[in-house]
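A.B. asks: Questions regarding the structure given below will be posed in turn.
Just so you know, all these numbers are worked out from the coordinates, no wet-lab data involved. Keep in mind that this is a model prediction, so the values were computed, not measured. Here Cβ is always computed from backbone atoms with ideal geometry, including for glycine, and neighbour counts include all displayed protein chains.
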Ligand code: FDA
């Protein structure tokens, strides 16, 4: 294909750009994808033995307050009415997460009104007035008892570092709801793609002008493309510049998937493990994401344990660490990026930013509308 535009990465950012440019501008778009499937981290596939849809990179729940994004994604898939709820295990008891009135009443073992709970948490939080590290910051937000139960062990496992040794700015806020609303997200639009993520992602890419090349690393083809074709790049920003300003820090996850001979392992889709005696941070049980799928087997289930650690250069980067060093390097990379002609950087890896799916889609629509449409305007078919 003689491409008008090369998109590096077929995650939701890359696919949105490719779809818009092919459908609206009639551009021939070549999408290069390093992995053996499209969709980036949102990808899912049926587990072969059970047929249960497994999210290969951890549970992906779609939610947004952005009506423009909701209208856009509904062009490719309908959504089930699934609303996500998460629970956390601490010392053998199960509590709803994020912390809400139900969590507080269960944890302190008494019936509290919203005002009583607010007063209790405020009194406990008053213990810390100047937060010099993550532990002090968390205590200043929710008090020591709730911090020690639900945040300390979980955070230590996520970062492999004691929270008292982590910088305070890793957490901006810790949401506490003083109602019994146990939903994980309160966005007006939420759900899961009715026939799965893979079907949604494939429909986005289904256009005669879009060619997807799987198993294709941009850096193996860069020389041959060298400046000849405009590029939207959604791979790691530091890699694009040969790590010239140093490496940006990421956390990665390891996943351990098992098929178990029971129809229900844990009774819900995600349970967090707050204590340090168990090494995993969460267990996902995918059948619960689709209670409407009555064809799932009732004598088998698929679970996935999630473990967190710092990422090396060959690991999948999942969450930006964002230390002051990272932010200084990011500024240098942004300056370098400004000097690249006809290359646009986007998405989670290309901007070194955690983005939910709806944020990646919104950012891609904005890039398309504000920059790409004007860049290719002369080519818009009559
Ligand atoms: P994404 O990472 O998806 O895609 C980038 C693609 O570029 C990848 O496929 C990669 O292989 C490819 N690539 C990189 N370098 C390349 C190169 N040199 N050549 C070719 N290809 C290259 N969001 C949400 O809304 N709800 C949720 O519940 C979750 N849950 C969640 C769990 C976990 C564990 C993670 C890590 C993330 C989430 N997310 C999420 C976030 C969601 O996955 C994210 O918003 C989107 O994947 C972002 O899409 P991008 O296209 O930016 O990146």
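A.B. asks: Considering Cα pairs under 8 angstrom that are at least six residues apart, work out the relative contact order of the chain and quote it in whole percent.
C.D. replies: 26 percent
A.B. asks: When the chain is fully extended, how far beyond the present Cα-Cα distance does residue 295 get from residue 217, taking 0.36 nm per residue of separation? Intermediate values should be presented prior to the final figure.
C.D. replies: On the way: separation 78, 0.36 × 78 = 28.08 nm, distance 3.81 nm.
Extra length from residue 295 to residue 217 when fully extended: 24.3 nm.
A.B. asks: Is any residue of segment 150-176 close enough, with backbone N under 16 Å, to a label point placed 7 angstrom from the Cα of residue 107 along the Cα-Cβ axis, and if so, which?
C.D. replies: What the label zone holds, given the 16 Å backbone N cut-off, is 150-156, 173-176.
A.B. asks: Now, a different point. Take the Cβ-Cβ distance between residue 75 and residue 171 as r, set R0 to 45 Å, and report the resulting FRET efficiency rounded to the nearest 0.05.
C.D. replies: 0.80
A.B. asks: Could you tell me the convex hull volume per residue, in Å³, taken over the Cα atoms of segment 178-263?
C.D. replies: 288 Å³
A.B. asks: At 0.36 nm per residue, minus the direct Cα-Cα distance, what do residue 371 and residue 336 gain on full extension? Give it in nm, one decimal, please. Let's see the in-between values first.
C.D. replies: Numbers: separation 35, 0.36 × 35 = 12.60 nm, distance 1.86 nm.
Length gained, residue 371 through residue 336: 10.7 nm.
A.B. asks: For segment 137-226, what relative contact order do you get, as a whole percent, if you take Cα pairs closer than 8 Å and at least 6 residues apart?
C.D. replies: Relative contact order for segment 137-226 comes out at 20 percent.
A.B. asks: If you fit an axis through the alpha-carbon atoms of helix 114-125 and take the longest principal axis of the Cα set of the chain, what angle between them do you get, 0 to 90°, nearest 10?
C.D. replies: The two axes meet at around 90 degrees.
A.B. asks: Still on this structure: By what distance, in whole Å, do the Cα atoms of segment 274-382 stretch along each of the three principal axes, largest value first?
C.D. replies: Principal axes ranked by extent give 59, 46, 22 Å for the Cα atoms.
A.B. asks: For the chain, set up a GNM with springs between Cα atoms under 10 Å and report which of 256, 53, 19 has the largest fluctuation.
C.D. replies: Checking each option, the largest mean-square fluctuation is seen for 256.
A.B. asks: Note down the relative contact order for segment 239-382 as a percent, whole number, built from C-alpha pairs under 8 angstrom at least six residues apart.
C.D. replies: Dividing the mean separation by the residue count of segment 239-382 yields 27 percent.
A.B. asks: Apply 1/(1 + (r/R0)^6) to the Cβ-Cβ distance of residue 116 and residue 161, taking R0 = 35 Å, and write down the FRET efficiency to the nearest 0.05. Provide the component values of the computation, followed by the final result.
C.D. replies: Values: r = 35 Å, r/R0 = 1.00.
That pair, residue 116 with residue 161, gives E of 0.50.
A.B. asks: Which one, 360, 216, 205, has the greatest fluctuation when you compute a Gaussian network model over the chain with C-alpha springs under 10 angstrom?
C.D. replies: Among 360, 216, 205, the largest mean-square fluctuation in the Gaussian network model of the chain belongs to 216.
A.B. asks: Dividing the convex hull volume of the Cα atoms of segment 226-317 by its residue count, what figure in Å³ per residue is obtained?
C.D. replies: Output value, Cα hull per residue: 169 Å³.
A.B. asks: Also, I was wondering about something else. Could you compute the FRET efficiency for residue 180 and residue 224, with r as their C-beta to C-beta distance and R0 at 51 Å, rounded to 0.05?
C.D. replies: 0.30
A.B. asks: Here is a further query. For 157, 338, which order do you get if you count the other beta carbons within 10 Å of each Cβ and list the fewest first?
C.D. replies: Working: 157 23, 338 8.
So the ranking, lowest neighbour count to highest, is 338, 157.
A.B. asks: Follow-up question, since we're still on this one. Which one of 294, 268, 252 has the biggest mean-square fluctuation once the chain is modelled by GNM with Cα springs under 10 Å?
C.D. replies: With Cα springs under 10 Å in the chain, the top fluctuation among 294, 268, 252 is at 294.
A.B. asks: Considering the Cα positions of the chain, please state its Rg to one decimal place and its Dmax as a whole number of Å.
C.D. replies: 22.4, 69
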